[in-house]
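The values are calculated or read from the model by the stated rules, or taken from the named source; none is laboratory data. Predicted, not measured: the structure shown is a model, and the values here were computed from it. Cβ coordinates were reconstructed from backbone atoms using ideal geometry, including for glycine residues, and neighbour counts include every protein chain displayed. The area values use the complete protein model at the heavy-atom level, side chains included, leaving out ligands, DNA and RNA. Shrake-Rupley method; radii C 1.70, N 1.55, O 1.52, S 1.80 Å.
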Amino acid sequence: MPMDSVPEMDSFNLENASLNVSNNGATSLATSSSSTSSRYENQKRRDWNTFGQYLKNHRPPLSLSMCSGAHVLEFLRYLDQFGKTKVHTLNCPFYGLPNPPAPCPCPLRQAWGSLDALIGRLRAAFEENGGKPEANPFGTRAVRLYLREVRDLQSKARGISYEKKKRKRPLANQTPTLPVPPPPPSAS
C-alpha cells in the first residue's frame, strides 16, 4: 500500500466516530473488523486508520508525506478531548493527591501511558506502511519531549511517579537452589 494512501472506511466520519482510549493504552474506533491478527496488530491498524482519517479531515487535508512532528502533536492534543484521566491543575486543592477526597473541575486528559503506547504503535505502523525510519514523524524529538512533559505533569498532578520498570536479568549459568530438607528425626 502506498505511504500516502489510507484505506477507505465505509461512510466513516471522524466527528461521529466513537474513539475509545482505555487506561491500559488501548485506543480504538468503534468500527467492526474480523481478523485473525493479534490484538496488538489489530490495534495498530485501527490507530493507523484513525490517524489517516485525522489527516484527511485536517484543514487543509494533509498527505502523510507532508506530515511532521507538529501534526502528530496536534493529533495528540486533539485526542485529549476523549481522555478519562483527571489531571489536576496547579491551583486545584487536590494537586499532587493520588486519590482526591472529592470531585473537582480539573480537565480530563489522555493518560500518559495511553499516549506513549499509541505513539509506539504509530511509529511501527509508519515504517510498515513504507515510511523511512529517519522520516518518521512519530519519532521526532518534539514528540518525545511532549510525551516526557505529559508524563512529568501528570506525575506531579496526580502524586504518582512513573519510574522505568527494571528489567529482570536472567540468571545465566546458575543452578536454582533448592531448599535444604530438614534432618530426619533422631532415634535416640
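Here are some notes:
- With respect to (1) without any contact (Cβ under 8 Å) to a residue 40 or more places away in the chain; (2) assigned to a loop (DSSP other than H, G, I, E, B); (3) surrounded by fewer than 16 Cβ atoms within 10 Å (Cβ to Cβ), the lone exception for P100 is condition (3).
- Scanning segment 129-161 for residues that are over 16 Å from the mean Cα position of the chain (by Cα) and among the acidic types (D, E) yields one hit, E134.
- Every residue from segment 74-97 that is in contact with a strand residue (DSSP E or B) (Cβ under 8 Å, 6 or more places away or on another chain) and either farther than 24 Å from V143 by Cα or assigned to a loop (DSSP other than H, G, I, E, B) (or both): G83, K84, V87
- Answer residue from segment 103-142, given it is farther than 18 Å from L64 by Cα and in contact with a Phe, Trp or Tyr (Cβ under 9 Å, 6 or more places away or on another chain) and is most open to solvent (accessible area, probe 1.4 Å) among those: L108
- Checking segment 80-87 against the condition returns a match, with at least one residue being over 23 Å from E41 (Cα atoms), open to solvent by 20 Å² or more (accessible area, probe 1.4 Å), touching a Cys at 6+ places or on another chain (Cβ under 8 Å) and not polar (S, T, N, Q).
- If you go through segment 103-126 and keep only what is assigned to a loop (DSSP other than H, G, I, E, B) and touching a helix residue (DSSP H, G or I) at 6+ places or on another chain (Cβ under 6 Å), you end up with just Q110.
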